[in-house]
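First comes the structure, then the notes that go with it.
The values are calculated or read from the model by the stated rules, or taken from the named source; none is laboratory data. Note that the coordinates shown come from a computational prediction; the quantities given were computed from them, not determined experimentally. We place every Cβ from the backbone using ideal geometry, glycine too, and count neighbours over all the protein chains shown.
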Amino acid sequence: MSDIVLPLEITEADTYPPITIRQVAAAVAGNALEFYDFTIYATFASQIGASFFPNQTPYVSLMLTLITFGVGFVTRPLGAIMIGRWADRHGRRGAMMFSFGLMGVSILGLALTPSYATIGPAAPVLAVFWRLCQGFALGGEVGPTTAFLVEAAPTGRRGIYGAWQGGSQNLANIVGGLVGVILVGVAGEVAVAAWGWRLAMLLGAAVLPFGLILRRALPETLHRPEPRLHVHPDAATLLASAPVLLQGLGLVAASTISTYVFGYLTTYAIKTLHMGAQVALAASMVSGVCGLTGGLLGGVLSDRFGRRPMLIWPRIAFMIATLPAFILIVRYHNAAALLGGTAVMTFLSALTTASLFVAFSESLRKEVRVVGMGAIYASAVAVFGGTTQPIVAAIIHVTGDPVSPAWFMIAATAVGLIASLSMRETAHGKS
């Protein structure tokens, strides 16, 4: 009997038990904090612009703020490669600890940077520096967290576990929107412009010690054997393959453009539709709730029906719904139209998120999983995430058409749909 070796699929669950709810929460909480800062910056873009980039022309001030927001994407590929290589060689937990700590310090630094009125040109210089640090940290966060969730998930449940990668980003939207609504309601719009956005960032930094404690207790998944049904061809070959790179860039670009258009809706509602700040901030919270719900549902459905169908059909539905949603928002420009349109669009878009992350993780062997997934994701986000909001603002300014962001998202989604149709199925051992 001692010579009998049971199949890996049977012994894996006993030797490497699935991560607990507390461990999932630790990974999710860290990822949420890192995206919380990006949410807060996008949410309070106009107020931050007034602090660091004062200008007599509001459009110029807003564009400088959005460009600085985009600067944070420049270092994301660098963080993905450097932190990702370390994670693939030494472990996911250490990489997650480092990126989390760096993001916390960067949030604190930006929140405490004096305004232009206090220290002059040094203020925007420091703001750009902290944004570069934040981008590096966030670039190195997505790969290790996604790999951890996928590797530690039980066979057949990678979709729902991996869905928490996008889910944590939506949690950041919920909390960021809620903080904004409360601050405007309690302190007023003038106070929020003066110091409220700083308080919102400091609240995120306050979570840093607790997140580090939780992440220290995470198990390491790097050395866990892969189940046989998920063994794939050599990952280096996959990474060198032009179709894989194009598929990844197309999928992430489509998702990223929609995500950052949604993130711009608060500023869009205030600057373009001239709505109240509290209603506009509520849109960020609604976006987070519907994104979280859609993302988790998409993860469950991808485990049942496969990744590929969940990359295709929700995109088609999203393309159909986007233009009517924007037309209603612009025509009525009230709370019901803004929140309702935001809810529909973010829910449909989020249905694809889990499949996007998990499909690429399943396509790569774990020795290059983090750097491969992270590099593809961060490169696409660096190009399209950093430019989406300035492009949207410029399109609206040039055309004078407040519905124009809908066409931008539809075009991006069409590219993502083409990439989805060329994808192979990775769930259930079909890749």
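Considering the range 373-404, the residues that are among the aliphatic types (A, V, I, L, M) and closer than 25 Å to A87 by Cα include one that is surrounded by the most Cβ atoms within 10 Å (Cβ to Cβ), namely A378.
Any residue in the range 219-236 that is at pLDDT below 85, closer than 22 Å to M103 by Cα, surrounded by 14 or more Cβ atoms within 10 Å (Cβ to Cβ) and touching a Lys or Arg at 6+ places or on another chain (Cβ under 7 Å)? Within the range 219-236, one or more residues are at pLDDT below 85, closer than 22 Å to M103 by Cα, surrounded by 14 or more Cβ atoms within 10 Å (Cβ to Cβ) and touching a Lys or Arg at 6+ places or on another chain (Cβ under 7 Å).
If you go through the range 57-104 and keep only what is charged (D, E, K, R) and over 18 Å from the mean Cα position of the chain (by Cα), you end up with R85, D88, R89, R92, R93. Checking L356, L339 one by one, the residue that is in a helix (DSSP H, G or I) and over 20 Å from the mean Cα position of the chain (by Cα) is L339 and no other.
Listed residues G298, G263; which is at pLDDT 95 or above, surrounded by 19 or more Cβ atoms within 10 Å (Cβ to Cβ), in a helix (DSSP H, G or I) and under 21 Å from the mean Cα position of the chain (by Cα)?
Details: G263 fails: at pLDDT 95 or above.
Only one candidate qualifies: G298.
Of all residues in the range 373-403, those that are part of a helix (DSSP H, G or I) and either at pLDDT 95 or above or of a type in the set (V, I, T) (or both) total 11. Looking only at residues in the range 200-209 that are of a type in the set (A, V, I, L, M) and touching a residue at least 60 places away in the same chain (Cβ under 8 Å), the one that is surrounded by the fewest Cβ atoms within 10 Å (Cβ to Cβ) is L202.
Would you call A317 assigned to a helix (DSSP H, G or I) and free of Cβ contacts under 8 Å to residues at least 60 places away in the same chain? Break it down stepwise before answering.
Working: assigned to a helix (DSSP H, G or I): yes; free of Cβ contacts under 8 Å to residues at least 60 places away in the same chain: yes.
When the stated conditions are applied, A317 passes them.
Just to be sure I understand, how many residues within the range 113-135 are more than 30 Å from the chain's Cα centre (by Cα) and either outside any helix (DSSP H, G or I) or surrounded by 15 or more Cβ atoms within 10 Å (Cβ to Cβ) (or both)? Even if it seems obvious, please write down each step before you answer.
Here is the first cut: in the range 113-135, the ones more than 30 Å from the chain's Cα centre (by Cα) are 117-121.
Retained after the next criterion (residues that are either outside any helix (DSSP H, G or I) or surrounded by 15 or more Cβ atoms within 10 Å (Cβ to Cβ) (or both)): 120-121.
Residues flagged as more than 30 Å from the chain's Cα centre (by Cα) and either outside any helix (DSSP H, G or I) or surrounded by 15 or more Cβ atoms within 10 Å (Cβ to Cβ) (or both) within the range 113-135 amount to 2.
Within the range 420-430, the set of residues being surrounded by fewer than 22 Cβ atoms within 10 Å (Cβ to Cβ) and in a helix (DSSP H, G or I) comprises L421, H428, G429. Taken over the range 266-278, residues that are modelled with pLDDT under 85 and aliphatic (A, V, I, L, M) amount to 1. Might you check whether a residue that is out of contact with any Asp or Glu (no Cβ under 8 Å at 6 or more places or on another chain), at pLDDT below 85, closer than 21 Å to T387 by Cα and hydrophobic (A, V, I, L, M, F, W, C) occurs anywhere in the range 73-93? The answer is yes, given that some residue of the range 73-93 is out of contact with any Asp or Glu (no Cβ under 8 Å at 6 or more places or on another chain), at pLDDT below 85, closer than 21 Å to T387 by Cα and hydrophobic (A, V, I, L, M, F, W, C). All of (1) under 21 Å from A152 (Cα atoms); (2) at pLDDT 95 or above hold for P324 with one exception: (1). Pairing each residue of the range 263-292 that is among the β-branched types (V, I, T) with any residue that is not in a helix (DSSP H, G or I), provided the two are 6+ apart or on different chains, yields C-beta distances under 7 Å for T272/P402.
Each row is one residue, and each column tells you yes or no for (1) within 17 Å of T266 (Cα to Cα); (2) not β-branched (V, I, T).
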| residue | (1), (2) |
| --- | --- |
| G162 | no, yes |
| V175 | yes, no |
| G180 | yes, yes |
| E189 | yes, yes |
| G196 | yes, yes |
| L199 | no, yes |
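Would a scan of the range 44-55 turn up a residue that is within 18 Å of the chain's Cα centre (by Cα) and not charged (D, E, K, R)? Yes; the residues of the range 44-55 include at least one that is within 18 Å of the chain's Cα centre (by Cα) and not charged (D, E, K, R).
Could you tell me whether A194 is over 29 Å from V24 (Cα atoms), among the hydrophobic types (A, V, I, L, M, F, W, C) and at pLDDT below 80? No, not satisfied. Suppose we filter I19, I4, I67 for residues that are among the β-branched types (V, I, T), surrounded by 15 or more Cβ atoms within 10 Å (Cβ to Cβ), modelled with pLDDT under 80 and outside any helix (DSSP H, G or I); which single one remains? None of the other options fit; the residue is I19. If you go through the range 141-164 and keep only what is crowded, with 24+ Cβ neighbours inside 10 Å and small (G, A, S), you end up with G143, A147, G159, G162, A163. If only residues of the range 271-289 that are out of contact with any Leu (no Cβ under 9 Å at 6 or more places or on another chain) and outside any loop (DSSP other than H, G, I, E, B) are counted, the one that is surrounded by the fewest Cβ atoms within 10 Å (Cβ to Cβ) is Q278. For the range 361-372, taking the residues that are among the aliphatic types (A, V, I, L, M) and closer than 21 Å to G299 by Cα, the one that is modelled with the lowest pLDDT is identified as L364.
Hey, among V74, V105, which residue is surrounded by fewer than 20 Cβ atoms within 10 Å (Cβ to Cβ) and either closer than 11 Å to F136 by Cα or acidic (D, E) (or both)? First the steps, then the outcome.
Working: V105 fails: either closer than 11 Å to F136 by Cα or acidic (D, E) (or both).
Residue meeting the stated conditions: V74.
L138: in a helix (DSSP H, G or I) and surrounded by fewer than 18 Cβ atoms within 10 Å (Cβ to Cβ), yes or no? When the stated conditions are applied, L138 does not pass them.
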